[in-house]
Amino acid sequence: MVHISGMLISLIFVWIYRSKESRVSKSMIVNSFVLLYLIIGAVSSINSQLFTKNLYAYIIILLAVAAIFPLNPRNILIHYGAVHIFFLLGLNWMESNHYLFLSMLINSTGTAVIAYTIALAFYTFRKRDFINKQRLSKSKESFRSLFNMNPKPLILMKLADFEIVLMNKQAIEYYQLNDLRNGSFLFSNEEEKQEILSRLERESRMKNHITRQQITPDLEKWSLLNFELIEYLDHTCVLIDTTDITAIKEKEAELVKHASIDVLTGVRNRRSGMEFIQEQLEASNEFILMFIDINNLKIVNDTYGHSSGDELIKICCELIHKHLSKKDHLFRLGGDEFIIIFLNKQQEEVQQFWARVEQDFDILNHSGVNPYQISASHGLHHYKPGTLLTVDDILEQADQEMYKVKSLRKDGILA
């Protein structure tokens, strides 16, 4: 009868607890159920004295209540105290053997104290866990709020697989994304990605990383990225903030262009060209240098004016540039002198190139478009790695070869 009553009480408790229409607080329902169950356990154990003389039902329920139900320690102390007094009175009434009663009193009281201690420990742990979860929840909400309010494009992705966890509106607009996806697109190549990850593992953060990003097939941006490792939702994540520096890089490129380009001809200027030759020497690259000098520039300047002299320089430069390949590099050394660096070309190919240029000179001269004749002299130097020559040494040797050609032209030996 007692067990059937316990089962019915449990079913009624579950129904009331889950009922949305119940006006009784859940705390009161749980406390009432625990009290009834403790009474049932006490009655069962008192009743068992007639047959088995054991306290198992009462002890099990004491321990079960302590471990399962997160009651306030004050409430459970009242329940345990009231029921235990009832249990001891009933046990005293049922048990005539004084020594056996005393043994059961000690065992049951000890169990009640242990059960209460367990209940107190569990309650403290659950309360602390609840408070920590509440704090964590508020912390996450604050983080999300600050994350979304930040004016910079922000992305939070897992370090393990680059899955994007959070992305604010600014990042969605900046990277033109419709949904969250893998964050590997932030890196221009695998080498860059591995370099950044290695540095993050060592230092936990990386500031002011400049990279060029292909946002769409038609849109490219320069971005300044800051990386920082943080813990979020039990995962090690990378927080990335982005600053658009495209306008700055475009302005910088424009300034570099102005600093590296000859204004009159549009080809590299002396400084840029000399730096390029030095780079080839440092890289131990083989190349052929051609030194070009435009003939009769001074005569054209004196006879037709400096504007005509400038026009002569521009025409010569255009005709030379017309026959250059993408691997050839032309720059103006100064005045009427130009330099061409031929990479991956043999001397015979270079001579064929110059023959085509002179052919264009002749065609233009025969057209009679200009009142002056257009011609130029050239000299070559074939640089091979291992030669202990400076940039000035190479230019000097090519210049000497050019003057030999110019002398032969003056002497009438060359047309």
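The values are calculated or read from the model by the stated rules, or taken from the named source; none is laboratory data. These numbers were taken from a predicted model, which means no experiment stands behind them. Cβ atoms come from the backbone with ideal geometry, glycine included; neighbour counts cover every protein chain shown. In case anyone asks, the SASA skips ligands and DNA or RNA and just uses the protein heavy atoms, side chains included. Shrake-Rupley method; radii C 1.70, N 1.55, O 1.52, S 1.80 Å.
Report the local net charge at ILE76: Lys and Arg +1, Asp and Glu -1, summed over other residues whose C-beta lies under 15 Å from its C-beta. Spelling it out: positives minus negatives among the neighbours equals +3.
What is the calculated FRET efficiency for MET28 to GLU201, with r their C-beta to C-beta distance and R₀ = 56 Å, to the nearest 0.05?
0.55
Per DSSP H run of n ≥ 4, the term is -39500 (n - 2.57); total these for the chain, divide by its residue number, and report the mean residue ellipticity at 222 nm rounded to 500 deg cm²/dmol.
It lands at -20000 deg cm²/dmol.
With the largest listed first and rounded to whole Å, the semi-axes of the equivalent ellipsoid of segment 157-295 from the Cα gyration tensor are 41, 19, 12.
When the Cα positions of ILE240, VAL263, LEU219 are compared along the charge dipole of segment 177-286, VAL263 comes out farthest toward the positive end, with charges on each C-beta of Lys, Arg, Asp and Glu. Within the same chain, lysines fewer than 8 places from LYS127 are excluded, and of the rest, those with a Cα less than 27 Å from its Cα are LYS20, LYS26, LYS138, LYS140. Heavy-atom accessible area per residue, the chain, 1.4 Å probe: how many Å²? Heavy-atom accessible area per residue stands at 60 Å². Inter-label distance, TYR372 to ILE261: 2.5 nm, where each label sits 7 Å from its Cα along the C-beta direction. Once you have a ≥ b ≥ c as the square roots of the Cα gyration tensor eigenvalues for segment 31-138, tell me rounded if a/c is under 1.5, and otherwise prolate or oblate according to whether a/b is larger than b/c. Prolate, since a/c reaches 1.5 and a/b exceeds b/c.
A simple count of charges around GLY266, restricted to other residues whose Cβ falls under 15 Å of its Cβ and scoring Lys, Arg +1 and Asp, Glu -1, yields +1.
Straight-line cross-link reach from LYS322 at under 20 Å between alpha-carbon atoms covers these aspartates and glutamates, not counting any fewer than eight positions away in the same chain: ASP262, ASP293, ASP310, GLU311, ASP336, GLU337, GLU348, GLU349, GLU358, ASP360, ASP362. Separation of the alpha carbons by more than 18 angstrom is noted, of LYS345/LYS384; LYS384/LYS406; LYS345/LYS404, for LYS384/LYS406; LYS345/LYS404.
Counting lysine pairs in segment 188-273 that sit 8 or more residues apart in sequence, or on different chains, and whose Cα atoms lie under 20 Å apart gives 8. For THR390, the shell of other residues with beta-carbons less than 13 Å away shows a net charge of -4, using +1 for Lys and Arg and -1 for Asp and Glu.
How big is the dipole moment of the chain about its Cα centre under a simple scheme where the beta carbon of each Lys and Arg is +1, that of each Asp and Glu is -1, and everything else is neutral? Debye, nearest 20, please. Working shown, then result.
Values: 44 positive and 48 negative charges, 739 e Å.
Once rounded to the nearest 20, the dipole reads 3540 debye.
With the alpha-carbon atoms of the chain aligned to their principal axes, the span from lowest to highest coordinate is 147, 49, 28 Å, starting with the largest. So what does ASP179 come to for accessible area, using a 1.4 Å probe and Å² rounded to 10? Surface open to solvent at ASP179 totals about 100 Å².
Dividing the Cα convex hull volume of segment 273-387 by residue count, how many Å³ per residue is that?
It is 96 Å³ per residue.
Multiplying the residue separation of GLU318 and THR303 by 0.36 nm and subtracting their alpha-carbon distance yields 3.1 nm.
Apolar share of the accessible surface for segment 38-140: 69 percent from carbon plus sulfur atoms, 1.4 Å probe. Would segment 184-229 count as rounded, prolate or oblate if I go by the C-alpha gyration tensor, calling it rounded below 1.5 in a/c and otherwise prolate when a/b exceeds b/c, oblate otherwise? Prolate is the answer for segment 184-229, as a/c is 1.5 or above and a/b outweighs b/c. For the chain, which longest stretch is free of loop sites, where a loop site is one of the trypsin sites (Lys or Arg not before Pro) that DSSP puts outside H, G, I, E and B and that has at most 16 other Cβ atoms within 10 Å? It runs 182-325. Using 0.36 nm per residue and subtracting the Cα-Cα separation, the extra length available between TYR232 and LEU89 on full extension is 45.8 nm.
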